[in-house]
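The values are calculated or read from the model by the stated rules, or taken from the named source; none is laboratory data. Because the structure is predicted, anything quoted here is derived from the model rather than measured. Methodologically, a virtual Cβ is constructed for each residue, glycine included, from the backbone with ideal geometry; neighbour enumeration extends over all protein chains shown. Quick note on the areas: whole protein, heavy atoms, side chains included, nothing else; ligands and nucleic acids left out. Shrake-Rupley method; radii C 1.70, N 1.55, O 1.52, S 1.80 Å.
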Protein chains: 2
Amino acid sequence: MFEILKTDRRARRGRFYTVHGVIETPVFMNVGTAAAIKGGVSTRELAEIGCQVQLSNTYHLHLRPGDELIRELGGVRSFMNWPRPVLTDSGGFQVYSLAKLRKITDDGVYFSSHIDGRLIFMGPEESMKIQSNLASTIAMAFDECIGNPAPYDYVEKACERTARWLVRCRDELERLNSLPGTINKHQLLFGINQGGTYEDLRVRHMERIAELDLPGYAIGGLAVGEGLREMYRIIDIVEPHMPQNKPRYLMGVGTPADILEAVRLGIDFFDCVLPARNARHGSLFTWQGKLNLLNEKYARDPCPPDQGCGCPTCRSHSRAYLRHLIKAKEVLGMRLAVLHNLYFYNELMLKIRGAIENNYFEDFYNKYRISLIERVKD
Amino acid sequence: MFEILKTDRRARRGRFYTVHGVIETPVFMNVGTAAAIKGGVSTRELAEIGCQVQLSNTYHLHLRPGDELIRELGGVRSFMNWPRPVLTDSGGFQVYSLAKLRKITDDGVYFSSHIDGRLIFMGPEESMKIQSNLASTIAMAFDECIGNPAPYDYVEKACERTARWLVRCRDELERLNSLPGTINKHQLLFGINQGGTYEDLRVRHMERIAELDLPGYAIGGLAVGEGLREMYRIIDIVEPHMPQNKPRYLMGVGTPADILEAVRLGIDFFDCVLPARNARHGSLFTWQGKLNLLNEKYARDPCPPDQGCGCPTCRSHSRAYLRHLIKAKEVLGMRLAVLHNLYFYNELMLKIRGAIENNYFEDFYNKYRISLIERVKD
């Protein structure tokens, strides 16, 4: 199911076969939280800018429009007219970051909807049921998320609970996949490693969940306050304990530099809201570094945002026009900027794949790990 | 320059030749106030949905990003990457409707920018200079706009001033077109008829400005509070005094029903923010009538917004998905809805042209003038 075509030290060039199509890895998943990419980007455009996998959110779609409704309409891929793979987040992270009045028990989590305040319960079985209704390609395990730093005892207990929940997720998804009315009977489950910034907890938890032999594994609970060095250190420690023959997904990460570091440490899947969020504030990724469109010096600049970029924005529009649109708060400006940044991320992954295939990933890494996150020098 | 291919009673099927391409009339111009269509629709999409002419605003572009900047970047068509014709509004209406602290003299209008409050002066020469910098295909005359109803004496004085200003607009644009550095030396001037709801003033003003033998004439100062019957009555009265061999433009109008009425009275050009504004509120035009996407009954509706519609939205998405996006305030929902409504308007004009060409405009008018503005019956 997951084929490793080539390795370059720890970096892996892989191919993940799913019922909804093949995913070439390393891959960046484009985030469409509520079954829509931010900034008004359409699924037709997603395909055009090289997106392989779209990520949607269990928590958001459960609250609105409701997973039962999406199920009636054929699942989230049919609902949003996206024929390629979709990964759904389990809702665990959103319960931790968005919802109010949380109460966590061994059964699951009680929380209030951030939309209308109504009380909702979600546990491993509920999350699997929702994701089965959404009929995504890959379902994520329901885990207990915690911020960093957190006390050792607390993290240890959360890890144990997350491990127990994972077994329940697996059992429930197996059951759901076997039901006659299930839309995607081949839905895959990825487990999630937790353990905060404690190396022993991380490793112990990873070893424990690896025993379940799931189709893929994620590292969760990073990029939540611990700093970059800590994050890289944890990935470095955990990775050797992740199954070699399964895809590894670093959740919610990150900058182009973070992605380069993590690929170098053996990670295959990524997702992040950063390219869309930066775009909305006029910050574009280019192969010369980060470009702040709001800078006065671009006001009369007839060049495309990134010379040589093949995205729909750079093929058609100038820095001056984009700057005008963003300053005038025209939605088109946001959309064109988001399109560019998502294209850039997908292109980054394409180049990373090429670099691993052709044994120059280390050079690629050294060339870009600093320059891509620095400001463009003119 | 304007060729009438066919008439059906007063309705005209025409062809307007410009330096930026041919405009098939009757035509609806898609409104991109600040050099961008609302809702994040791109110029590439504009072409795709059959838009012939894009309308931009002198007032808005003068304030931001500035017409001198746009001139440096090759004019508004080059700035926004729109190769087809552009009509620029003169700014007169926006000074009347948006700006504060207006003081009108024979020279022009003093007003405060609605963006930063700075004091600005605009008269006929200034408006022509800005529009020449924008290098649109068609420049509109700078006129004095008034709301309806207004006292007779006041309207009469405004008409006289508008007529005097028109001569200054013509002279100034001729001068600007002859300058070596001018981007579009073939920029065309349309005069604007005013006169409120007073038939004698309307006719007298129209006769006076017709003498200037300009490339086109507009009816302004309607749809500003006078009601539909009044509006149709004024068009009916003025139209016989408009030159037969010049395009006629009814500014800022209107619903599909208004357009049908006005085409029937001999109008050729239209523009209106209505399709985009309605779309943003979930109201879609369809050939079965108006459809309110926020209606609960569409929550699980897998049909496209309008069966048989060929727009990018209807080809790819369901009512249920659009409703979800608009309720979740996802920008994509607004964009898909605006795309549909603009496509509908362009399609309406295409069908109107076909109906006039083939002598069934009267039947077409009778079939649709009521049904298009009524709610969809399911």
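In summary, A:Q94 fulfils each of the numbered conditions (1) within 18 Å of the chain's Cα centre (by Cα); (2) open to solvent by 10 Å² or more (accessible area, probe 1.4 Å); (3) within 14 Å of chain B (Cβ to nearest Cβ) with the single exception of condition (3). Of the residues A:P247, A:P275, A:P256, A:P243, the single one that is closer than 22 Å to A:C159 by Cα and touching a residue at least 40 places away in the same chain (Cβ under 8 Å) is A:P247. Among the residues making up region B:165-196, those that are small (G, A, S) and open to solvent by less than 30 Å² (accessible area, probe 1.4 Å) are B:G191, B:G195, B:G196. I need the full set of residues from region A:114-168 which are within 14 Å of A:Q94 (Cα to Cα) and aliphatic (A, V, I, L, M), in order please. A:I115, A:I120, A:M122, A:M140, A:A141, A:I146 - these are the residues of region A:114-168 that are within 14 Å of A:Q94 (Cα to Cα) and aliphatic (A, V, I, L, M). Only one entry of B:P275, B:P305 meets the criterion of being buried (at least 24 other Cβ atoms within 10 Å of the Cβ), modelled with pLDDT of 95 or more and part of a loop (DSSP other than H, G, I, E, B), and that entry is B:P305. Restricted to region B:197-239, and to residues there that are among the acidic types (D, E) and crowded, with 17+ Cβ neighbours inside 10 Å, the residue that is modelled with the lowest pLDDT is B:E226.
Applying the condition of being of a type in the set (A, V, I, L, M) and more than 9 Å from chain A (Cβ to nearest Cβ) to region B:312-337 and asking which residue is surrounded by the fewest Cβ atoms within 10 Å (Cβ to Cβ) yields B:I326. Is there any pair with a first residue in region B:285-300 that is under 14 Å from B:H340 (Cα atoms) and open to solvent by less than 60 Å² (accessible area, probe 1.4 Å) and a second that is polar (S, T, N, Q) and at pLDDT 95 or above whose Cβ atoms are under 6 Å apart and which are 6 or more apart or on different chains, and what are they? From region B:285-300, the pairs are B:F285/B:N341; B:N292/B:S283. Here is a check on your reading of the model: is A:R280 of a type in the set (D, E, K, R), touching a residue at least 40 places away in the same chain (Cβ under 8 Å) and within 14 Å of another protein chain (Cβ to nearest Cβ)? When the stated conditions are applied, A:R280 passes them.
Cβ-Cβ contacts under 8 Å between residues 6 or more apart (or on different chains), taken from a first residue in region A:358-372 that is over 19 Å from A:I267 (Cβ atoms) to a second residue that is outside any helix (DSSP H, G or I) and open to solvent by 30 Å² or more (accessible area, probe 1.4 Å), are listed as A:S371/A:Q288. Only residues that are surrounded by 11 or more Cβ atoms within 10 Å (Cβ to Cβ) and under 15 Å from B:D143 (Cα atoms) were counted across region B:100-126, and they come to 13. Which of the residues spanning region B:70-85 are within 14 Å of chain A (Cβ to nearest Cβ) and open to solvent by less than 10 Å² (accessible area, probe 1.4 Å)? Matches in region B:70-85: B:I70, B:G75, B:V76, B:F79, B:M80, B:W82. When you scan region A:342-353, do you find a residue that is of a type outside the set (A, V, I, L, M), in contact with a helix residue (DSSP H, G or I) (Cβ under 8 Å, 6 or more places away or on another chain), surrounded by fewer than 22 Cβ atoms within 10 Å (Cβ to Cβ) and under 29 Å from B:E68 (Cβ atoms), even just one? No: zero hits. Restricting the search to strands (runs of 3 or more DSSP E) fully inside region B:1-65 and requiring at least 3 residues that are within 14 Å of chain A (Cβ to nearest Cβ) gives B:54-57. When the residues of region A:301-316 are filtered to those that are charged (D, E, K, R) and without any contact (Cβ under 8 Å) to a residue 24 or more places away in the chain, the one that is farthest from A:A35 (Cα to Cα) is A:D301. Within region B:9-33, being open to solvent by less than 10 Å² (accessible area, probe 1.4 Å) and among the aliphatic types (A, V, I, L, M) holds for B:A11, B:I23, B:V27, B:M29. One residue alone among B:V224, B:V203 is out of contact with any Pro (no Cβ under 8 Å at 6 or more places or on another chain) and in a loop (DSSP other than H, G, I, E, B), and that residue is B:V224.
For the structure I just gave you, tell me whether B:N341 is more than 11 Å from chain A (Cβ to nearest Cβ), free of Cβ contacts under 8 Å to residues at least 24 places away in the same chain and of a type outside the set (K, R). Criteria not met by B:N341. I'd like to know if region A:123-139 contains one or more residues that are at pLDDT 95 or above and at positive phi. Yes, region A:123-139 contains a residue that is at pLDDT 95 or above and at positive phi. Residue check: B:G39 meets all listed conditions (1) farther than 14 Å from B:G91 by Cα; (2) surrounded by fewer than 23 Cβ atoms within 10 Å (Cβ to Cβ); (3) over 15 Å from the mean Cα position of the chain (by Cα) but one, namely (2).
Out of the residues in region A:365-378 that are assigned to a helix (DSSP H, G or I) and open to solvent by 20 Å² or more (accessible area, probe 1.4 Å), which is nearest to A:L294 (Cα to Cα)? Among those that are assigned to a helix (DSSP H, G or I) and open to solvent by 20 Å² or more (accessible area, probe 1.4 Å), it is A:I373. Among the residues of region B:291-305, those that are within 26 Å of B:I259 (Cβ to Cβ) and touching a Leu at 6+ places or on another chain (Cβ under 7 Å) comprise B:L291, B:L293, B:P305. Criterion applied to B:R264, B:R280 was being of a type in the set (K, R) and modelled with pLDDT of 95 or more, and the one residue passing it is B:R264. Here B:R233, B:R202, B:R229 are screened, and the one residue that is in contact with a strand residue (DSSP E or B) (Cβ under 9 Å, 6 or more places away or on another chain) and either small (G, A, S) or at negative phi (or both) is B:R202.
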